[in-house]
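Enquirer: This structure is in structure tokens; I'll ask about it shortly.
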Amino acid sequence: MAKLTGKVAVVTGASKGIGAAIAGELAKDGASVIVNYANSAQGAEAVVAKLKANGGKAKAVRADVSKPAEAKQLVDSAVSEFGRLDVLVNNAGVYEFLPLQQITEEHFERMFDLNVRGLLFATQAAAGAIGDQGGSIINIGSMASQAPPPGGSVYSATKAALDAITQSLAVELGPKKILVNAVLPGPVETEGVQSMGGKENQFIAQLVNQTPLGRIGTPRDIATVVSFLASEDAGWITGQIIPVAGGLR
């Protein structure tokens with residue numbers, strides 16, 4: 001029996017990249033998966049079609065989790081579709097690097113609205129829906145919270161907030177048997193990275209050179225760790241900030 005058989009998971013921001021890989025890994029390991037998206041319906045439906053073709057159970061659901069009402073509707077859709085909720089993966093996020101003099105209110109609000117506000121209210125909704133059996137909240141952070149790069153002050157601040165929220169809620173939700181952990185990817189080969197150019201690509205190359213394993217990560221490198229944290233094998237792990245970055249420090 002697959003290690004997540006019978007579990008129901010919501011993955012936010014799962015229409016592409018790391019989120020899509022996480023949805024795929026959870027489904028492969030037996031979970032029924034809500035594939036959340038905010039804008040890319042086509043991408044989310046393609047992910048769902050792939051999961052179903054491989055024998056998984058999945059449904060695409062649109063919701064902007066930075067809006068609390070929509071975050072709750074997303075969680076409610078999982079219970080309505082599959083009868084319960086066991087796992088929330090807070091993957092939805094945005095990133096943009098700007099030097100101090102170019103930071104605007106719009107930039108600041110865009111980052112914090114999704115990366116922090118969205119995570120918090122999606123978790124609030126999920127914690128209310130997870131039953132007495134307990135469950136798992138897994139937050140996808142970034143190594144930028146550990147080593148903030150130039151131009152990344154706002155983005156890094158959102159990911160540092162994610163780390164703090166993870167540790168606080170692990171203590172708060174532990175009595176409900178809800179585990180809360182964070183996974184911090186290093187540089188990962190995603191559509192966003194592929195579209196970068198110039199200085200951004202040079203920055204990624206510099207990070208890879210600082211990585212003991214000497215390569216960029218893949219979305220599945222992250223997804224397999226998330227699936228482990230969602231399983232009963234990780235039942236004694238909570239409040240942890242876990243770099244998954246090839247040894248990058």
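Values quoted throughout were computed directly from the atomic coordinates according to the rules given, and no laboratory measurement underlies them. If you're wondering where the values come from, they're calculated on a predicted model, not measured in any experiment. Virtual Cβ from ideal backbone geometry, glycine too; neighbours counted across all protein chains shown.
Enquirer: Just to be sure, is R110 in contact with a strand residue (DSSP E or B) (Cβ under 9 Å, 6 or more places away or on another chain), basic (K, R) and either surrounded by 15 or more Cβ atoms within 10 Å (Cβ to Cβ) or touching a residue at least 40 places away in the same chain (Cβ under 8 Å) (or both)?
Expert: On the way: in contact with a strand residue (DSSP E or B) (Cβ under 9 Å, 6 or more places away or on another chain): no; basic (K, R): yes; either surrounded by 15 or more Cβ atoms within 10 Å (Cβ to Cβ) or touching a residue at least 40 places away in the same chain (Cβ under 8 Å) (or both): yes.
No.
Enquirer: Across the stretch 1-25, what is the number of residues that are over 13 Å from P219 (Cβ atoms) and either surrounded by fewer than 24 Cβ atoms within 10 Å (Cβ to Cβ) or not polar (S, T, N, Q) (or both)?
Expert: First, pick out the residues of the stretch 1-25 that are over 13 Å from P219 (Cβ atoms): 1-10, 12.
Pick out the ones that are also either surrounded by fewer than 24 Cβ atoms within 10 Å (Cβ to Cβ) or not polar (S, T, N, Q) (or both) and you get 1-10.
Matching residues across the stretch 1-25 total 10.
Enquirer: Working carefully through the options L88, L120, find the one that is touching a residue at least 40 places away in the same chain (Cβ under 8 Å), in a helix (DSSP H, G or I) and within 16 Å of A182 (Cα to Cα). Give the derivation first.
Expert: Numbers: L88 fails: in a helix (DSSP H, G or I).
Exactly one residue qualifies, and that residue is L120.
Enquirer: Here's a follow-up. May I ask you to verify whether A69 is outside any strand (DSSP E or B), among the hydrophobic types (A, V, I, L, M, F, W, C), touching a residue at least 40 places away in the same chain (Cβ under 8 Å) and out of contact with any His (no Cβ under 6 Å at 6 or more places or on another chain)?
Expert: Spelling it out, it is not the case that A69 is outside any strand (DSSP E or B), among the hydrophobic types (A, V, I, L, M, F, W, C), touching a residue at least 40 places away in the same chain (Cβ under 8 Å) and out of contact with any His (no Cβ under 6 Å at 6 or more places or on another chain).
Enquirer: List every residue pair whose Cβ atoms sit under 7 Å apart, with the two residues 6 or more apart in sequence or on different chains, where the first one lies in the stretch 139-154 and is at positive phi and the second, anywhere, is among the polar types (S, T, N, Q) and assigned to a helix (DSSP H, G or I).
Expert: none
Enquirer: Next question. Hey, among the residues in the stretch 42-64 that are farther than 23 Å from T5 by Cβ and out of contact with any strand residue (DSSP E or B) (no Cβ under 7 Å at 6 or more places or on another chain), which one's surrounded by the fewest Cβ atoms within 10 Å (Cβ to Cβ)?
Expert: Quick first cut of the stretch 42-64, residues farther than 23 Å from T5 by Cβ only: 42-46, 62-64.
The next check asks that each one be out of contact with any strand residue (DSSP E or B) (no Cβ under 7 Å at 6 or more places or on another chain); those that pass are 42, 46, 64.
Numbers: Q42: 11, A46: 16, D64: 18.
Only one residue fits best here, namely Q42.
Per-residue answers, yes or no, for (1) assigned to a strand (DSSP E or B); (2) among the charged types (D, E, K, R); (3) in contact with a Ser or Thr (Cβ under 8 Å, 6 or more places away or on another chain); (4) under 23 Å from A127 (Cβ atoms):
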position	(1), (2), (3), (4)
N36	yes, no, yes, yes
A44	no, no, yes, no
V47	no, no, yes, no
K50	no, yes, no, no
G55	no, no, no, no
V75	no, no, no, yes
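Enquirer: For the stretch 136-159, state whether one or more residues are surrounded by 19 or more Cβ atoms within 10 Å (Cβ to Cβ), basic (K, R) and part of a helix (DSSP H, G or I). Explain how you work it out, then say what you get.
Expert: Narrowing the stretch 136-159 to residues surrounded by 19 or more Cβ atoms within 10 Å (Cβ to Cβ): 136-145, 152, 154-156, 158-159.
Keeping just the survivors that are basic (K, R) gives 159.
Adding the requirement that they be part of a helix (DSSP H, G or I) leaves 159.
Yes, the stretch 136-159 contains at least one residue that is surrounded by 19 or more Cβ atoms within 10 Å (Cβ to Cβ), basic (K, R) and part of a helix (DSSP H, G or I).
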